[in-house]
1. If the Cβ limit is 8 Å and pairs must be 6+ apart or interchain, which residue in the range 143-159 that is closer than 20 Å to T70 by Cβ and at pLDDT below 95 pairs with which residue that is outside any helix (DSSP H, G or I) and not aromatic (F, W, Y)?
2. Criterion first (of a type in the set (S, T, Y) and at pLDDT 90 or above) does T79 satisfy it?
3. Residue check: is T112 under 24 Å from P2 (Cα atoms), modelled with pLDDT of 90 or more and over 11 Å from the mean Cα position of the chain (by Cα)?
4. If you check L67, L13, L57, L19, which single one turns out to be over 25 Å from L172 (Cβ atoms), in a helix (DSSP H, G or I), of a type outside the set (D, E) and touching a residue at least 12 places away in the same chain (Cβ under 8 Å)?
5. Mind listing whichever residues of the range 143-178 are farther than 16 Å from Y37 by Cβ and in a helix (DSSP H, G or I)?
6. Looking for something surrounded by 15 or more Cβ atoms within 10 Å (Cβ to Cβ), over 18 Å from E157 (Cβ atoms) and touching a helix residue (DSSP H, G or I) at 6+ places or on another chain (Cβ under 7 Å) - is there at least one such residue anywhere in the range 52-64?
7. Taking the range 115-128 on its own, how many of its residues are more than 18 Å from P2 (Cβ to Cβ) and in a helix (DSSP H, G or I)?
8. Could we say that S49 is in contact with a Ser or Thr (Cβ under 7 Å, 6 or more places away or on another chain), surrounded by fewer than 22 Cβ atoms within 10 Å (Cβ to Cβ) and farther than 18 Å from L180 by Cα here?
Amino acid sequence: MPDYVFWLAAVMLAVSSFLLLLSRDWRWSLGLLAGQYFAAFWLVLAHWSLTMSAAQLVAGWMAAAVLGMTQLGRKDDDTAADTSWPQGRLFRAFAAGLVLITVTSAAPAVGTWLPDARPGVVWGGLVLIGMGLLHLGISVHPLRVTLGLLTTLAGFEILYISIENSILVTGLLAIVTLGLALAGSYLLSLETTGLETPEAAE
């Protein structure tokens, strides 16, 4: 597969993770997460077979579906409940720009540690890790934290595939992805229960 395909997928990852950072609507956020996993699927194809790559894609989409079903059962507005700091989109865009600049400068050095990885794959994985950590650093809402963790894990998977192609590792990474989604769903359910308790008391 030509290198421009991987660079195109890496650019799609950067755009989706950037929009995910700015999005305040949970529907758009989960849609961007699903698109993020689709772009990551093409990067994974650089080193894994179609079957193993598809397993990671399905696991990511299932994680997005689990979070979506949980959000459908919530009565509060996710946008209003987000208490991230700072809340300005301009700051988020500026911070994301710094992450992209840092990743672009660090990708060649990381590529020397992973000699079998293609440059687009390394850059895409580092972008997801950087954006995921940025997401974790500026938000405390359970859904946003879960999205940040899933983004960071997806970036780690993209980098890890260049040194390991075991079927067992594929299964373990899929289980971790689904486990994070279930944990986030559980925390969202607890938050919903806590919000409804005062109403029941009235």
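The values are calculated or read from the model by the stated rules, or taken from the named source; none is laboratory data. All values reported here derive from a predicted model rather than from experimental measurement. No Cβ is skipped: glycine too gets one built from the backbone with ideal geometry, and neighbour counts run over all protein chains shown.
1. Listed pairs, sorted by first residue: R144/D82; R144/S84; V145/S139; G148/S139.
2. no
3. Details: under 24 Å from P2 (Cα atoms): yes; modelled with pLDDT of 90 or more: no; over 11 Å from the mean Cα position of the chain (by Cα): yes.
It is false that T112 is under 24 Å from P2 (Cα atoms), modelled with pLDDT of 90 or more and over 11 Å from the mean Cα position of the chain (by Cα).
4. Answer to the selection: L19.
5. Correct list: L143, R144, V145, I167, L168, V169, G171, L172.
6. The answer is no, given that none of the residues of the range 52-64 is surrounded by 15 or more Cβ atoms within 10 Å (Cβ to Cβ), over 18 Å from E157 (Cβ atoms) and touching a helix residue (DSSP H, G or I) at 6+ places or on another chain (Cβ under 7 Å).
7. Keep residues of the range 115-128 that are more than 18 Å from P2 (Cβ to Cβ), which gives 115, 125-128.
Checking which are in a helix (DSSP H, G or I) leaves us with 125-128.
Summing the residues that are more than 18 Å from P2 (Cβ to Cβ) and in a helix (DSSP H, G or I) in the range 115-128 gives 4.
8. It is false that S49 is in contact with a Ser or Thr (Cβ under 7 Å, 6 or more places away or on another chain), surrounded by fewer than 22 Cβ atoms within 10 Å (Cβ to Cβ) and farther than 18 Å from L180 by Cα.
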